[in-house]
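All remarks here apply to the structure that follows.
The values are calculated or read from the model by the stated rules, or taken from the named source; none is laboratory data. Here the structure is a predicted model, which means the values were calculated and not measured. All Cβ positions, even for glycine, are placed from backbone atoms using ideal geometry, and neighbour counts span all protein chains on display. Keep in mind that these areas ignore ligands, DNA and RNA; they rest on the heavy atoms of the full protein, side chains included. Shrake-Rupley method; radii C 1.70, N 1.55, O 1.52, S 1.80 Å.
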Amino acid sequence: MLVKADLHTHSTASDGDLSPEKLITLSAHLNLKAIALTDHDTLAGVQNVLNSIKTHGIRVIAGVEISAEYDPGMLHILGYFPANPHGLEEALKQVQTARRERIPKVIKKLNALGCMLTEADVLKEAKDAQIGRPHIAKALLKKGYVRSFDEAFDEYLGKGRKAYVPKEKMTWKKAVSLIVHFGGLPVLAHPYTLGLGSQGLEAFIKDLMGAGLAGIEVLYPEHTPEQTALYTGLASRLGLLVTGGTDFHGPGRNAFSLGDYGLEEELLTKFINRLKP
Ligand code: AMP
Ligand code: ZN
Ligand code: FE
Ligand code: FE
């Protein structure tokens, strides 16, 4: 399968390592036709690269990845928009504030555990991005408290680990309807992180569809062939779009790279046709 579009990427506007501009240049270099920028809880990176079709011949799709309340797994809703959805950034202010307010709480826990990080150490990693645990992981790594990014999560930052602090999130109903309200397509990101069996997943997807869900992220690096087959079947049976992407955060962050997973020509055409305003 020849991937033509990577619809799940993160830039320096959230916890990715490449600027939106560098991400686009790399995508063009890889001969991708389209890329969606889907930073965590923000569209701040999108504005300056939407016109890349003119400069690099690549279509940039305005996107976002919203974290939603869910237990015990993890629920992320991707939103894709035919144009920059003016006003959505404002509607995300509350969750953005919650991201910032979580940092000192995590640092307090880390300090009690002997990792003497300061808030300034973490802010230095985040710069003006939507701050998140990866920025804390980088600071821990720099100060030598962990040997790898993964160790930071396994030991301290992952859900339920020693320095874990939950953050206030949106309900999924709000996340899905917000995306619909701003003219976008809401898509269930990496369904495996919900930790549901096939029946539970189908029931939950139907609930999400009640709020306006338009698709499922089927093509994703962490999905097993069985999961990919299950999600493909569900999408087809329920009349949902199939989407996909790498969840790229930067070169060297994972074993795979930008454009290794995503949509081939036919699925991309279906997706773009639905995206039309
Ligand atoms: P946050 O936005 O603070 O909830 O952090 C979520 C981000 O942290 C994810 O998008 C990943 O980039 C990263 N992440 C989450 N869990 C892990 C993990 N176990 N190992 C490495 N990175 C992780
Ligand atoms: Zn991330
Ligand atoms: Fe995600
Ligand atoms: Fe992501």
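For a Förster distance of 35 Å, can you work out the FRET efficiency between the beta-carbons of R253 and K108, rounded to the nearest 0.05?
Values: r = 27 Å, r/R0 = 0.78.
Step by step, r from the Cβ atoms, then E = 0.80.
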Zone of L141's modelled label, taken as backbone nitrogen in segment 196-228 under 16 Å from a point 7 Å along Cα→Cβ: none
Estimated distance in nm for a label pair at R100 and S198, the labels positioned 7 Å out from Cα along Cα-to-Cβ: 4.7 nm
For segment 57-97: rounded, prolate or oblate by the Cα gyration tensor [a/c cutoff 1.5]: oblate
Antiparallel DSSP beta bridges within the chain, as percent of all bridges there, nearest 5: 45 percent
Distance between modelled label sites at T171 and E265, nm, 7 Å Cα→Cβ extension: 4.5 nm
Accessible surface of M116 - all protein chains present, 1.4 Å probe, nearest 10 Å²: 110 Å²
Degrees, to the nearest 10: 198-211 long Cα axis against longest axis of the chain: 80 degrees
Over the chain - Rg/Rh using Cα atoms and the Kirkwood inverse-distance radius: 0.95
5 angstrom amide H check on L18, placed H, neighbours 5+ away: T12
